[in-house]
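Structure first, commentary second.
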Amino acid sequence: MDAVAFFEVGLSFLRLLKLRHDINYKKKHFRRWWVKPHIQTCIRNDYGAFSTLFCYFKLHDHEEFYKLYRMSVPQFDKLYEILKTKLERSSAVREPLPPQLRFAITLHFLAHGDSIETLCKLYYIGKSTVYGILSDVCQDIWDILSPVYLPEKSVDDWKEIAIDYEKKCNFPHCLGSIDGKHIRITKPPNSGSAFFNYKKYYSFVLMAICDAHYRFTWIDVGDYGSLNDASVFGATGLAQELEEKRLPLPEPECLPGTQSSIPYFLIGDEAFKLRPYMMRPYPRRLVTTSREELFNY
C-alpha cells in the first residue's frame, strides 16, 4: 500500500470515528422537550399543588395550611410581604414563576424535608428549577431576616437576656443556653468519615444559643458531624471573640445576696469546657453531694 492509499484509509477511519462520536453526542444530549408537557404553565395552573392545595387551604382551611407549611396564614402573609421584592424574577424567554409559588415551595421543603422529586411532581415544576428556587429563596430569607432577628448583641441586650433567665429559671448571670443539633444528610462525595457522627449516621451540626423564651440568639451551621460540640463551638467566631474578650458582655457583678463577683456566662451540657464565659454541670458520674445534684438540676 502506497502512502496516498494509506493516508486515505486513515482519513476514512477518522471520519468514521467522528461520525460515531456525533451520533453518540446527539443521543446523549438530545432533548425531546424544552419544557416537559406535564410541567407547562397551563397544566401547573390547573393541577399543581400551588393552585389547588395552597389556594384552597389558604382561603378555607387554615389548620391544614399550618400543617403543610408550619406557618399560619397571617404569618405567611407577613413574611411574604417582607420578602416579596427579593422573590420576584424577570425573564425575556418565558413567564417567570410567581414569587408566592417560589416561597410556598421553599416553606414546604423546610417544613417536611420532602425529596426534590416529590416537590417536582406536586408543584409541576422541573427538578433543576426546584433546586434553584430552594437555594435562592433560602439565601433571600437569611439576607433579609438575619439582621433583624439575629443581630449583634449590645451589653444591654445581654443583660436583658440574663434578667429573663433569672426571672423565669432562677438562674442569674445566664446569657443563653447552647447546644448542638445533628442534621441528617446523605454522605457527601469523597468526604470519608468526616460527617459520620457518634449516632451512626451522616450529619452536619447546627450549633445554637437560645434565650429564656426558646428563641435563637446565635447560630452556626455546617460543621462536620464527626466533631463533638466543644470542638464545633471552639471553631466559631463567637468562641474566639469570647476567648479573646472582644465580645461586649456585661461586667462581672455580685450574685444576689452574696459578695462574690461572678462573670456573665453561657450554659451548656457536659460536652462543653468549663470557661469564664461557659458554665456546665458537674459530670454525672462524679456527682456525690446534694448541692451538686441541685446545681445540675
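Some observations on this one:
- Pairs meeting the criteria (first residue in the stretch 30-59 and farther than 18 Å from ILE105 by Cα and modelled with pLDDT under 80, second residue assigned to a helix (DSSP H, G or I) and of a type outside the set (Lys, Arg), beta carbons under 8 Å, at least 6 apart or on different chains) are PRO37/ILE43.
- Going through (1) closer than 30 Å to GLY257 by Cβ; (2) outside any loop (DSSP other than H, G, I, E, B); (3) open to solvent by 70 Å² or more (accessible area, probe 1.4 Å) one by one, HIS213 falls short only on (2).
- The stretch 247-262, subset part of a loop (DSSP other than H, G, I, E, B) and touching an Asp or Glu at 6+ places or on another chain (Cβ under 9 Å), residue surrounded by the fewest Cβ atoms within 10 Å (Cβ to Cβ): PRO256
- Of all residues in the stretch 276-297, those that are in contact (Cβ under 8 Å) with a residue 60 or more places away in the chain and exposed (fewer than 10 other Cβ atoms within 10 Å of the Cβ) total 0.
- Of all residues in the stretch 188-226, those satisfying the criterion of being among the basic types (Lys, Arg) and farther than 30 Å from LYS167 by Cβ are LYS199, LYS200.
- Every condition in (1) open to solvent by less than 60 Å² (accessible area, probe 1.4 Å); (2) outside any loop (DSSP other than H, G, I, E, B) is met by VAL221 except one, and the failing one is (1).
- A count restricted to the stretch 263-274 and to residues that are outside any loop (DSSP other than H, G, I, E, B) and modelled with pLDDT under 90 stands at 0.
- Residue match in the stretch 49-62 (condition: open to solvent by less than 30 Å² (accessible area, probe 1.4 Å) and not in a helix (DSSP H, G or I)): yes
- Within the stretch 73-88, residues that are under 13 Å from LEU145 (Cβ atoms) reach partners that are among the β-branched types (Val, Ile, Thr) and open to solvent by 20 Å² or more (accessible area, probe 1.4 Å) with beta carbons closer than 9 Å, at six or more positions or on different chains, in the pairs LEU79/ILE141; ILE82/ILE144; ILE82/VAL148; LEU83/ILE141; LEU83/ILE144; LYS86/ILE141; LYS86/ILE144.
- Condition check for SER177: farther than 24 Å from ILE161 by Cβ and not in a helix (DSSP H, G or I): no
- Taking (1) open to solvent by 20 Å² or more (accessible area, probe 1.4 Å); (2) touching a residue at least 12 places away in the same chain (Cβ under 8 Å); (3) part of a helix (DSSP H, G or I) in turn, GLN240 satisfies each apart from (2).
- Residues that are buried (at least 16 other Cβ atoms within 10 Å of the Cβ), within 19 Å of the chain's Cα centre (by Cα) and among the charged types (D, E, K, R), drawn from the stretch 154-206: ASP179
- Scan of the stretch 275-297 for residues that are part of a loop (DSSP other than H, G, I, E, B) and over 19 Å from SER177 (Cα atoms), ordered by number: VAL287, THR288, THR289
- Odd one out for PHE272, checked against (1) open to solvent by 50 Å² or more (accessible area, probe 1.4 Å); (2) at negative phi: (1)
The values are calculated or read from the model by the stated rules, or taken from the named source; none is laboratory data. Quick caveat, the model's predicted, so the values are computed rather than measured. Cβ coordinates were reconstructed from backbone atoms using ideal geometry, including for glycine residues, and neighbour counts include every protein chain displayed. Quick note on the areas: whole protein, heavy atoms, side chains included, nothing else; ligands and nucleic acids left out. Shrake-Rupley method; radii C 1.70, N 1.55, O 1.52, S 1.80 Å.
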